[in-house]
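The values are calculated or read from the model by the stated rules, or taken from the named source; none is laboratory data. If you're wondering where the values come from, they're calculated on a predicted model, not measured in any experiment. With ideal geometry, Cβ positions are generated from the backbone for all residues, glycine too; neighbour counts draw on all protein chains shown. Protein only, heavy atoms only, side chains kept; ligands, DNA and RNA dropped before computing areas. Shrake-Rupley method; radii C 1.70, N 1.55, O 1.52, S 1.80 Å.
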Amino acid sequence: MKLSNYLIATLKEAPSDAETKSHQLMVRAGMIRKIAAGVYNFLPTGLRVFRKVENIIRDEMNKAGAIEVMMPFVTPADLWEKSGRWDIYGKELLRFKDRADRDFCLGPTHEEVVTDMVDREVKSYKNLPITIYQIQPKFRDEIRPRFGVMRAREFTMKDAYSFDVNELEAEKSYIKMFNAYKRIFERCGLTFKAVEADSGNIGGSFSHEFMVLAETGEDLVLSCNTCEFAANVETTGIKDVSIARNDKDFEPLAEVSTPKMTSVEEVSSFMNVSSEDIVKTLFLESDEELIAVLVRGDHELSLTKLKKFLGSDFLDLADNKVLKENNIVKGFCGPIGVNFKIYSDNSIKDLTNFITGANKDDYHCQGVNYDRDFLVESFGDFREAFDGDSCPIEGCTGSLESTRGIEVGHVFKLGTKYSESMNAKFTNQDGKEKNYYMGCYGIGVGRVVAAAVEQNNDENGIKFPTALAPFQVVIIPTEKTKGPALSKAEEIYDYLTNSSFEVALDDRQESPGVKFKDSELIGIPFQIRIGPKSLAKGVVELKNRLTGDILEFDQNDYDGIREKLNELF
RNA sequence: CGGGGUGUGGCGCAGUUGGUAGCGCACCUGUUUUGGGAACAGGGGGUCGGAGGUUCGAGCCCUCUCACCCCGACCA
């Protein structure tokens, strides 16, 4: 590629809305441009990197036996109604009507479409197992898109779906994909970790996330300092270490005036008690009913865990309106006298004589004890784990450490969730119809690019791993006018191009400094520099972006340059 | 959705009590430069997010609206 005929859209300054390194650098390097919140153009160099990632993914998917298809971006509501997700998915699903007033949405994921497709085409166990994948745009109307293409509303995802005859076979498919994912992220040159995860809106029984470790990651990963355990905070279990409570020490229940003390911190300092002696009461709306949940004052409720425990599709904090309708006094909530089911975190089991809200303005209760003062519907693990918690693995005495991660891939065991709801079946060996056992596997392509930038940069710009760089090598003649350096550069350019390298020739009418800076900002791993200075010595120079090393070659030693590059790629 | 903030040339920004809109970078032309974002001279480019209003006069004041960003959306 001759850069005089190319689009190098580099900027000296990043737009003020770019917060993370990767966002700033991708804009400055001229890879992406925003055209609406969470919606981006990929400019030529950005697309080249994107394609590199895409091709690595495609290659590994094909090697793992997955078959590529393409499903539509626009999907009809009836498929979503069939699976039941039309009502569950909420505002993230961008819905619209066509001219005939029929409901559609932009696909945020494709379980429905692919299940329908496979169900139509596959009739027999003889056609199984089968894993279908596509690399295609998705749209999720995120509450808050941010960090450039890291969390965009429109984004490209590789999504694969496996169909098997039974659970055991499905597990094999899962492992195949899991291993393919490891190879993909290794080839992309990323430092990552596979962790246990919650399966969220997609549903299913079991899942792993692939996390690229980075400061700016949006997820919190907890890993054991002793064993192999690692999981997303959302799903990290807490060992139930509660002991039997001594019933004899019950104090009388009493109300205490706590004017305007609505937070745990305020109440604990006002009453001079530790936050562990306070129990927070939260009211939540689930699918059908309002429930109350108790967690210790120093703990955080995990909506994810509670949702899983209750088996409900919808669970959220009750909003102010609902609270008012039920005469719940915000800031002074307590479990005493409420007629909703009360769920309580395991850590409460231990507690005697704790403090809660009194359900009336400016009062808390002290000397509160469950069973005596209120009844708990069920105890369970409902709080979020944090740094320093003990490892949830049986027999392990290690403790958890947290790191931040960018979720670049996610693999799920779905089981028969979708094949049942959509009545998708094949005929088994015994002539009976059976639901498919499914798995689903996603990778955010743009997010992999952003994660690579986030993990690989310095003060000069992006240091792309060689497998992802937009060009493998750029040839920089350091004289502007046509002369011996340019003709030498063109010769080497032709030679390396014919040797199947991805070469850029920076023949723009720019000063050398500009070319060096651009090349380093964009993240091209090697520069070949040719100028009056080097030619006077009869050499050309090869500079390594990653190490800063400069090698000299005889100006006619094209083979030597080629061999060196071959070594490095 | 709640709170806060910002919209002025492609990017980054300034614009005073209301009086004909400016700077740096980028861009174009010319000359000189040519190994780390060159110098000089000249030049082009703006419905000041949009609509309405107040005023002799609005980038600036008022009303509405749109977009974008940040924080929160779990502590009750």
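Using only the Cα atoms of region A:452-501, build the gyration tensor, take square roots of its eigenvalues as a ≥ b ≥ c, and label the shape rounded, prolate or oblate: rounded if a/c is under 1.5, else prolate if a/b is larger than b/c, else oblate. Judged from the Cα gyration tensor, region A:452-501 comes out oblate (a/c at least 1.5, b/c at or above a/b). Kirkwood analysis of the Cα pair distances in region A:115-265 returns a hydrodynamic radius of 20.3 Å.
The P(r) of chain A has a tail past 40 Å containing 42 percent of all C-alpha pairs.
In region A:458-569, the inverse of the mean reciprocal separation of distinct Cα atoms equals 13.8 Å; this is its Kirkwood hydrodynamic radius.
Would you mind telling me the share, in percent, of accessible area of chain A contributed by carbon and sulfur at probe 1.4 angstrom?
In chain A, the share of accessible area belonging to carbon and sulfur is 47 percent.
Sorting the segments A:341-353, A:96-108 by their residues' average number of neighbouring beta-carbon atoms within 10 angstrom, most packed first, yields A:341-353, A:96-108. The Rg/Rh ratio for region A:513-569 is 0.97, where Rg is the radius of gyration of the alpha carbons and Rh is the Kirkwood radius. The reciprocal of the average 1/r between distinct C-alpha atoms defines the Kirkwood hydrodynamic radius, which for region A:326-484 equals 23.6 Å. Adding -39500 (n - 2.57) for every DSSP H run of four residues or longer, then dividing by how many residues chain A holds, sets the calculated 222 nm ellipticity at -8000 deg cm²/dmol.
Using θ = phi - 60° in the Karplus curve 6.51 cos²θ - 1.76 cosθ + 1.60, the 3J(HN,Hα) couplings for region A:413-421 round to 8, 8, x, 9, 3, 7, 5, 6, 5 Hz; x is entered for Gly and Pro. Highest mean packing comes first when the peptides A:377-388, A:44-55, A:249-260 are listed by Cβ atoms within 10 Å, giving A:44-55, A:377-388, A:249-260. Packing order of peptides A:404-412, A:283-291, A:466-474, highest average first: A:404-412, A:466-474, A:283-291 (average count of other Cβ atoms within 10 Å over each peptide's residues). Quick note on region A:51-155: its Rg to Rh ratio, both from C-alpha atoms and Rh being the Kirkwood radius, is 1.01. Entry for region A:247-380 at q = 0.13, 0.16, 0.19 Å⁻¹: log10 I(q)/I(0) = -0.50, -0.77, -1.10, Debye formula applied to identical alpha-carbon scatterers, no solvent contribution. The alpha carbon radius of gyration of region A:71-125, expressed as a multiple of 2.2 N^0.38 Å, is 1.20. What separates the Cα centres of region A:97-119 and region A:354-390 is a distance of 44 Å.
Couplings for region A:511-518, taken from phi via the Karplus curve 6.51 cos²θ - 1.76 cosθ + 1.60 with θ = phi - 60°, read 6, x, x, 4, 5, 4, 4, 4 Hz in order; Gly and Pro are left as x.
Cross-linked pairs A:260/A:324; A:307/A:434; A:12/A:543; A:138/A:182; A:63/A:463; A:488/A:533: Cα-Cα separations exceed 25 Å for A:307/A:434; A:63/A:463. With protein chains left intact and a 1.4 Å probe, residues in chain A average 46 Å² of accessible area per residue.
Under 5 Å from the amide H of residue A:318 lie the amide H atoms of A:283, A:284, A:285, each residue being 5 or more positions distant or on a separate chain, with H modelled from the backbone and absent for Pro and chain starts. In whole Hz and in residue order, list the ³J(HN,Hα) couplings for region A:85-95 that follow from phi through the Karplus curve 6.51 cos²θ - 1.76 cosθ + 1.60, θ = phi - 60°; x for Gly and Pro. Ordered by residue, 3J(HN,Hα) equals 7, 4, 8, 8, 5, x, 6, 5, 7, 7, 9 Hz. Assuming charge only on the beta carbon of Lys and Arg (+1) and of Asp and Glu (-1), the dipole of chain A about its Cα centre is about 2060 debye to the nearest 20.
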